[in-house]
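The values are calculated or read from the model by the stated rules, or taken from the named source; none is laboratory data. Every value quoted in this text rests on a predicted model; they were computed, and no experiment measured them. Heads up, the Cβs are rebuilt from the backbone with ideal geometry, glycines too, and the neighbour counts pull from every protein chain shown.
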Amino acid sequence: MIQKASEPIARSSSNSKFSIKAALEQKEEIKKDEFAEIKDENMPSNHFSQTDVDREWDIFLKNLARTNTFVYNAISSFKLEKTDEHQITVKYSSEFAKSEFDRLSIEFFNHFKHKVSNFKIEIEYQTDLTIKKEVLTKRKIFEKFVEINPLLKDLDDLMRFDLT
């Protein structure tokens, strides 16, 4: 014997506690940075050396090479130099590389400030086209050898080397 329900199940009066309309109307709460209100004058400003900068930069690059090789290739040629007691100059080769570094710079410099206990460090950016790394393809390597020995060009014409 089959029993029938007195009213449809879908029309039962159980109300959900989640309201889509209320969720759409709710404004996002802006989270305050807890550390933004801490005054710099109360923070330590210990001495650090160029060696400290180089060591932490190398560690950062090694970790980055494992996690994000694209960004690593973009910023691995950067030079970080201590130019004053509380200033680090970052020398970069292109605006694209700098934009990639901007995403990670906060993470690196926060770690560095905690490591050396100096929270008054200021960062200055400088373009330096001499540090740009040139990517050597097989074709470019071959062309350099052709400059040394021009007979290689004749051999390439004869044999049609695949240098792609």
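Please go through segment 68-125 and pick out each residue that is touching a Leu at 6+ places or on another chain (Cβ under 7 Å), polar (S, T, N, Q) and surrounded by 17 or more Cβ atoms within 10 Å (Cβ to Cβ).
Step one: filter segment 68-125 for residues touching a Leu at 6+ places or on another chain (Cβ under 7 Å), giving 71-72, 76, 88, 90, 93.
When the remaining residues are screened for being polar (S, T, N, Q), the result is 76, 93.
Residue satisfying the conditions is Ser93 alone.
Residues in segment 1-53 that are modelled with pLDDT of 70 or more and acidic (Asp, Glu): Glu7, Glu25, Asp52.
Among the residues here, Glu143 qualifies as under 30 Å from Arg160 (Cα atoms) and surrounded by 11 or more Cβ atoms within 10 Å (Cβ to Cβ). Using the structure shown, decide if Ile141 is aliphatic (A, V, I, L, M), out of contact with any strand residue (DSSP E or B) (no Cβ under 7 Å at 6 or more places or on another chain) and at pLDDT below 90. When the stated conditions are applied, Ile141 passes them.
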